[in-house]
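None of the figures in this text is laboratory data; all of them are computed from the coordinates on show. Everything numeric in this text was worked out from a predicted model, so none of it was measured. Cβ sites come from the backbone with ideal geometry, for glycine too, and all protein chains shown count toward neighbours.
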Amino acid sequence: MESVYEWCLKCELQHRALRLENQCTVRIEYRGQVREEPLRCDLLVENAVLVEIKAVERIMPIHQAQLLTYMKLLDVPLGLLVNFNVPLLTQGIKRVILPGANRSAISSP
């Protein structure tokens, strides 16, 4: 069901004219070696908010670790872990902040 929720959220955000990416590619450098790696992150909105979608009984620490890893690799300052398997959607949203990440992505106009 996560793919359906992802598609619906993507449609809604595009309808609101927001820039989106999904299945991002990240450049990883280690000891002089470079590798382009595709990530399975759900949605990157306006290059400032990474949204990871779940439809699980409860959010586990591994879900938050996954989101934080994606945020670090993509240098994204804000992440939302959204669990659609809750009575009220607001109960299923976990906000994660990555201190020191791409500040230019969240600066106001």
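Please identify the pairs in which a residue from the range 1-21 that is more than 17 Å from Cys41 (Cβ to Cβ) and in contact (Cβ under 8 Å) with a residue 40 or more places away in the chain has its Cβ atom under 8 Å from the Cβ atom of a residue that is of a type in the set (A, V, I, L, M) and not in a helix (DSSP H, G or I), counting only partners at least 6 apart or on another chain.
Met1/Ala55
Among the residues of the range 22-35, which ones are surrounded by 10 or more Cβ atoms within 10 Å (Cβ to Cβ) and either part of a loop (DSSP other than H, G, I, E, B) or in contact (Cβ under 8 Å) with a residue 60 or more places away in the chain (or both)?
Answer for the range 22-35, where residues must be surrounded by 10 or more Cβ atoms within 10 Å (Cβ to Cβ) and either part of a loop (DSSP other than H, G, I, E, B) or in contact (Cβ under 8 Å) with a residue 60 or more places away in the chain (or both): Asn22, Gln23, Cys24.
Which ones in the range 1-47 are among the hydroxyl-bearing types (Ser, Thr, Tyr) and in contact with a Phe, Trp or Tyr (Cβ under 6 Å, 6 or more places away or on another chain)?
Tyr5
Does any residue in the range 40-63 that is in contact (Cβ under 8 Å) with a residue 12 or more places away in the chain and under 15 Å from Val86 (Cα atoms) come within less than 8 Å, Cβ to Cβ, of a residue that is crowded, with 22+ Cβ neighbours inside 10 Å and of a type outside the set (Val, Ile, Thr) six or more places away or on a different chain, and which pairs are these?
Ile53/Asp42
Can you name the residue in the range 36-62 that is of a type in the set (A, V, I, L, M, F, W, C) and assigned to a strand (DSSP E or B) and, of all such residues, is nearest to Leu18 (Cα to Cα)?
Residues of the range 36-62 that are of a type in the set (A, V, I, L, M, F, W, C), as a first pass: 39, 41, 43-45, 48-51, 53, 55-56, 59-60, 62.
Still in the running and assigned to a strand (DSSP E or B): 43-45, 49-51, 53.
Details: Leu43: 11, Leu44: 10, Val45: 7, Val49: 11, Leu50: 13, Val51: 13, Ile53: 18 Å.
Across the range 36-62, the extreme among qualifying residues is Val45.
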